Amino acid sequence: MVTSDALSVAAPDFEAISHRLTKLHEALSAGRSRVTCLQRWSEFIRERDGHRCVDCHSQGRLFAHHICRKSLFMTAQFDTGNGITLCRECHREVHAGFNGRPDMSLPVDAQGGEKLALMERLYSILVDDAVERGLMREDFYFLSDEALETFRGMQGYGANTHFPGSRLEQAYLILAEPEKQLRRAVAEANGFALGDIPLLPSGMMIVLDDDGRQSEPRVFQGYSPRWSTSDVPDSDG
């Protein structure tokens, strides 16, 4: 059971977080071993997240979890936006089921190891946590262009398809989208073509009949980003 003390979240220690980030960057720049770099990454993730589970706020045994598995996407293994602190129980839950090396010849998540819906949820609560604690900075929650392009590709969107917000928020929004091929199939089954514009949460698509002729579908996006570059704290302070 989570106690009231475990639910209290201390104010972020920007100096300590920045120190851990510097140590990670130094290890990567110096070409230190993968084990050492992963250790520095883990130390940073736990420091940034306030040494508590971001999901249930437990302060018990903690793990720095890769949201997108290293075995699927090695180039994101040190991205700070690809990590979240979880307690032992929450960490066990996210690794339940298939946890082996994925067969890259199969469709994404065909073996149930990637758990795309869970990835979406973890990115979502990490965005909420960062915004609510006033901690959102691109270097604290960094995801590379390659990572975001990979997520777009997984959902069937082109590399240049626009998703708003920070890089972390974009990861959540991309994974929150219905897979594009499925959207297209549903649209075609109902007699209209689907464009390339994402719906985003709270968005809608309207198809109007004009004198018995079907018009092009129109997408209305009502989503407001939780964070933009104008909100970012100065990286030096």
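The values are calculated or read from the model by the stated rules, or taken from the named source; none is laboratory data. This structure is a prediction, so every number in the text was calculated from the model and none was measured. Ideal geometry is used to build each Cβ from the backbone, glycine not excepted, and the neighbour counts take in all protein chains shown. Surface accessibility is based on the protein's heavy atoms, side chains included, excluding ligands, DNA and RNA. Shrake-Rupley method; radii C 1.70, N 1.55, O 1.52, S 1.80 Å.
Data overview
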read-out: Scope the stretch 156-174; condition open to solvent by 10 Å² or more (accessible area, probe 1.4 Å) and of a type outside the set (Ser, Thr, Tyr); matching residues; value: Gly156, Gly158, Ala159, Asn160, His162, Pro164, Gly165, Arg167, Gln170
read-out: Search result, residues across the stretch 59-77 that are in contact with a Cys (Cβ under 7 Å, 6 or more places away or on another chain), surrounded by 19 or more Cβ atoms within 10 Å (Cβ to Cβ) and modelled with pLDDT under 95; value: Ala76
read-out: All positions within the stretch 35-58 that are crowded, with 17+ Cβ neighbours inside 10 Å and in a loop (DSSP other than H, G, I, E, B); value: Asp49, Gly50, Arg52, Cys53, Val54, Asp55, His57, Ser58
read-out: Near pairs, Cβ below 7 angstrom, 6+ apart or cross-chain, from the stretch 58-81 (over 19 Å from Ala147 (Cα atoms)) to any residue that is of a type in the set (A, V, I, L, M) and surrounded by fewer than 19 Cβ atoms within 10 Å (Cβ to Cβ); value: Ser58/Val2; Ser58/Ala6; Gln59/Ala6
